[in-house]
1. Restricting the search to region 1-37, which residues are modelled with pLDDT of 95 or more, within 19 Å of the chain's Cα centre (by Cα) and not hydrophobic (A, V, I, L, M, F, W, C)?
2. Does Asp24 qualify as being more than 26 Å from Val5 (Cβ to Cβ) and part of a helix (DSSP H, G or I)?
3. Hey, can you tell me all the residues within region 38-66 that are among the charged types (D, E, K, R) and either at pLDDT below 95 or under 20 Å from the mean Cα position of the chain (by Cα) (or both)?
4. Report whether or not Ser72 is under 22 Å from the mean Cα position of the chain (by Cα) and exposed (fewer than 11 other Cβ atoms within 10 Å of the Cβ).
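The values are calculated or read from the model by the stated rules, or taken from the named source; none is laboratory data. Quick caveat: nothing in here was measured; it's all calculated off a predicted structure. Neighbour counts run over all protein chains shown; Cβ positions are idealised from the backbone, glycine included.
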Amino acid sequence: MKPIVFSKEEQRDLIPRIKAFVRDELDQDIGDLQASMLMDFFANTLGHAVYNRALYDAQALIAAKADEMAESLFALERTP
């Protein structure tokens, strides 16, 4: 799997969130560089697990919708 690379726009959104979390939850002030390093660490360490979970959830949703479609098609069957 290729590494996760966030766009500049995503970084502008995520870095302040990380800084706020660290400040609020850990009572520590960190700079943009430290927040960026944390973002990269978690993306590279946890990214594959989050990605796989999203795939599993999508597969389950598609399977459920396929079952619904199959039931709808069977409901259209006509008997002589």
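1. Listed by number, the residues that qualify are Ser7, Lys8, Glu9, Glu10, Gln11, Arg12, Asp13, Pro16, Arg17, Ser36.
2. Working: more than 26 Å from Val5 (Cβ to Cβ): yes; part of a helix (DSSP H, G or I): yes.
Yes; evaluated as a whole, the condition is true for this residue.
3. Answer for region 38-66, where residues must be among the charged types (D, E, K, R) and either at pLDDT below 95 or under 20 Å from the mean Cα position of the chain (by Cα) (or both): Asp40, Arg53, Asp57.
4. Numbers: under 22 Å from the mean Cα position of the chain (by Cα): no; exposed (fewer than 11 other Cβ atoms within 10 Å of the Cβ): yes.
Criteria not met by Ser72.
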